Amino acid sequence: MKLDKMTVKLQEALQTALMRATESGHQQVDPEHLMLAALRQEESILTLALDKLGVASFSVIKALEQNLGKKLKVSGDSAQVYFSPRINKLLAGAAGEAQILKDEFISVEHVLLASFNDNDSALVKELKKSNVNREKVLQALALVRGSHRITDENPEEKFNALQKYGQDLTELAG
């Protein structure tokens, strides 16, 4: 797992996921820890994509929290937290998604796409309840990203730039 090929947001989400797993007494960091951390980020691309899909992010967050609440807890000074085989596979899949999209850095959105290859993903199970599949996620991400590729570690600054910094004059006139 090469951190230098991950966006800042993904690195932050991984750190938050590790902290949450540790605080919760979980022995391993699972994809649900990571996706929950990513959804709670400020200006999360996942939240923007879910909005485009018409999926309430709070319901996805609730489902992830419920899933994590069922995980076994460990305690003691010798309890070491590690990345689970599922999250390692997910991150490897995310690297593949980045290559497919011709992006130079691995982002949270690549992790979201790779989640569809994980049969145990609580996130995907929740999305499927709203009839959301990988293709619909790709379409939503295209709306959020526009034509931007991920060529640096801070791509989120470029996404939705017009909405963030511009004004819709037609809307203001009406």
Where trypsin sites (Lys or Arg not before Pro) in DSSP loops with at most 12 other Cβ within 10 Å are excluded, longest remaining stretch of the chain: 103-174
Accessible surface, 1.4 Å probe, highest first, among residues Met19, Met6: Met19, Met6
Local net charge near Ile87, Cβ-Cβ under 10 Å (Lys/Arg +1, Asp/Glu -1): -1
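Tally up the carbon and sulfur contribution to the accessible surface of the range 75-123 as a whole percent, 1.4 Å probe, everything protein left in place.
50 percent
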Of (i) 17.4, 50; (ii) 16.3, 48; (iii) 16.7, 64, the label for Rg and Dmax of the Cα atoms in Å derived from the coordinates: (iii)
Rounded to the nearest 10 Å², the accessible area of His26 at probe 1.4 Å: 10 Å²
Neighbourhood net charge (15 Å Cβ-Cβ; Lys/Arg +1, Asp/Glu -1) for Phe58: 0
Among the listed pairs Lys9/Lys128; Lys9/Lys52; Lys5/Lys128, those beyond 28 Å (Cα-Cα): Lys5/Lys128
Dipole magnitude (debye, nearest 20) for the range 14-91, charges at Cβ of Lys, Arg, Asp, Glu: 280 debye
Cα centroid of the range 123-139 to Cα centroid of the range 4-31, whole Å: 23 Å
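The values are calculated or read from the model by the stated rules, or taken from the named source; none is laboratory data. Everything numeric here is computed off the predicted structure, so don't read it as measured data. Positions of Cβ are generated from backbone atoms using ideal geometry, with glycine treated the same way; all protein chains shown enter the neighbour counts. Accessible surface areas use protein heavy atoms only, side chains included; no ligands, DNA or RNA. Shrake-Rupley method; radii C 1.70, N 1.55, O 1.52, S 1.80 Å.
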